[in-house]
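The values are calculated or read from the model by the stated rules, or taken from the named source; none is laboratory data. Predicted, not measured: the structure shown is a model, and the values here were computed from it. Please note: Cβ atoms are built from the backbone with ideal geometry, for glycine as well, and neighbour counts cover all protein chains shown. Please note that ligands, DNA and RNA were not included when accessible areas were found on the heavy atoms of the full protein model with its side chains. Shrake-Rupley method; radii C 1.70, N 1.55, O 1.52, S 1.80 Å.
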Amino acid sequence: MLHEEWHDQAPIAKVKVIHTDAKKYKVSDMLTVGQVYDVVNETEEYYHIRDNSGKVGGYYKEYFEQV
């Protein structure tokens, strides 16, 4: 599966979490405000990052700012 390949891939960018106020899903367990994360893949709506669980997860870009 493609997301398993992302786990070992070098980061393409770094992003900083600016908020975890999600409308639909709870993201505060997987993201920490103020922390910088490595982006392993990017789509039009999402960043795929290595989150607090150590696995790759996809999150809306609205939670982040470019570093």
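Conditions tested, residue by residue: (1) in a loop (DSSP other than H, G, I, E, B); (2) in contact with a helix residue (DSSP H, G or I) (Cβ under 9 Å, 6 or more places away or on another chain).
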residue	(1), (2)
E5	no, no
V15	no, yes
D21	yes, yes
D29	yes, no
G34	yes, no
Y37	no, no
V40	no, yes
E44	yes, yes
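Quick check on my filter: what residues within the range 6-38 are of a type outside the set (D, E, K, R) and farther than 15 Å from F64 by Cβ? Once the filter is applied, which keeps residues that are of a type outside the set (D, E, K, R) and farther than 15 Å from F64 by Cβ, the range 6-38 yields W6, H7, Q9, A10, Y25.
Yes or no, residue by residue, for (1) at pLDDT below 95; (2) open to solvent by 70 Å² or more (accessible area, probe 1.4 Å); (3) over 8 Å from the mean Cα position of the chain (by Cα); (4) β-branched (V, I, T):
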| position | (1), (2), (3), (4) |
| --- | --- |
| D8 | yes, yes, yes, no |
| K16 | no, yes, yes, no |
| A22 | yes, no, yes, no |
| Y25 | yes, yes, yes, no |
| S28 | yes, no, yes, no |
| N41 | yes, no, yes, no |
| S53 | yes, no, yes, no |
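Scanning the range 36-50 turns up no residue that is free of Cβ contacts under 8 Å to residues at least 24 places away in the same chain, polar (S, T, N, Q) and touching an Asp or Glu at 6+ places or on another chain (Cβ under 9 Å).
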